[in-house]
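Note sheet for the following structure.
The values are calculated or read from the model by the stated rules, or taken from the named source; none is laboratory data. Keep in mind that this is a model prediction, so the values were computed, not measured. Glycine gets a Cβ as well: all are built from the backbone with ideal geometry, and neighbour counts include every protein chain shown.
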Amino acid sequence: MDTEQEELEALQKWWNENGKAIIVGLVIGLGGVFGWTTWQSRVEATAERVSVVYQSMIDMAAADDHLEAMLRVEQIITDHPDSEYAALAALVGAKSALAADRGEDAKRLLEWVITNGAQEEVRDVARVRSAKLLLDEGNQDAGLSMLAKVNTAAFAPAVEELRGDFFVAGGENDAAAKAYRAALESESMTSGMRARVAMKLDDLGEKEELGQSR
């Protein structure tokens, strides 16, 4: 499914709205312990080091050098597990792992994000992507259970679409149609996703505009 770009756009929107506040909160909260100047210097130095490795990882993934990209991911989550870069790097690393036909590594990295990611929104991206892998494996119970833990409103249409896909795979077409309709009702649905979900609903013999069987 072509939903990763939509997930990234939703996550980027959230980060643009909240990221600065998170960083300011960290500086204010810890500034009293270390002193403003000392803390600021440490944060800037660490951020610069991590950002260099992170950018290198992004460049390698973009160039389809996925094994090298994964090495950078491991470096970031090992050396800087508490940084915001770590969870984001692990998400990129999971995608590179799949491209390199290393599914177990992809699942491991996504699980790391779910367990260690500081922000719920980032953890929810990992949950949605983990559910996709479970769908590919035909593991309906685990996949639906994973989706039930996603709380980020922006991901509601992706969750309902995936829920519908699980139901289709299990031969539960009525439940699938209900999930697809729920996705179409979401205010955060993109035009591309709407067209895709409407097509899936149509394949089940349902009309989006009427919400009933033909």
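Kindly indicate whether any position in region 93-106 is within 30 Å of PHE167 (Cβ to Cβ), in a loop (DSSP other than H, G, I, E, B) and either in contact (Cβ under 8 Å) with a residue 60 or more places away in the chain or touching a Pro at 6+ places or on another chain (Cβ under 9 Å) (or both). The answer is no, given that none of the residues of region 93-106 is within 30 Å of PHE167 (Cβ to Cβ), in a loop (DSSP other than H, G, I, E, B) and either in contact (Cβ under 8 Å) with a residue 60 or more places away in the chain or touching a Pro at 6+ places or on another chain (Cβ under 9 Å) (or both).
When residues of region 115-125 are filtered for being surrounded by fewer than 24 Cβ atoms within 10 Å (Cβ to Cβ) and under 10 Å from the mean Cα position of the chain (by Cα), how many remain? Here the count works out to 3.
When region 167-208 is limited to residues that are touching a residue at least 60 places away in the same chain (Cβ under 8 Å) and assigned to a helix (DSSP H, G or I), the one that is surrounded by the fewest Cβ atoms within 10 Å (Cβ to Cβ) turns out to be GLY192. When every residue of region 108-121 is checked against the conditions, at least one turns out to be touching a Phe, Trp or Tyr at 6+ places or on another chain (Cβ under 9 Å) and either assigned to a helix (DSSP H, G or I) or of a type in the set (Phe, Trp, Tyr) (or both). Which residues, counting only those in region 132-143, are farther than 27 Å from GLU84 by Cβ and crowded, with 19+ Cβ neighbours inside 10 Å? Passing the criteria: LEU135, GLY143.
Scanning region 138-166 for residues that are of a type in the set (A, V, I, L, M) and either in a helix (DSSP H, G or I) or in contact with an Asp or Glu (Cβ under 8 Å, 6 or more places away or on another chain) (or both) gives ALA142, LEU144, MET146, LEU147, VAL150, ALA153, ALA154, ALA156, ALA158, VAL159, LEU162. Total residues in region 74-84 satisfying the condition of being under 14 Å from GLY117 (Cα atoms) and assigned to a helix (DSSP H, G or I): the figure is 4.
GLU121 falls short on exactly one of the conditions (1) free of Cβ contacts under 8 Å to residues at least 24 places away in the same chain; (2) within 26 Å of ILE76 (Cβ to Cβ); (3) among the charged types (D, E, K, R), and that condition is (1). Just one of (1) within 30 Å of ALA86 (Cα to Cα); (2) at pLDDT 95 or above fails for ARG129. It is (2). Remark: pairs (first residue in region 125-149, free of Cβ contacts under 8 Å to residues at least 40 places away in the same chain; second residue outside any helix (DSSP H, G or I); Cβ separation under 6 Å; 6+ apart in sequence or on different chains) = ARG127/LYS149; ARG127/VAL150; GLN140/GLY170.
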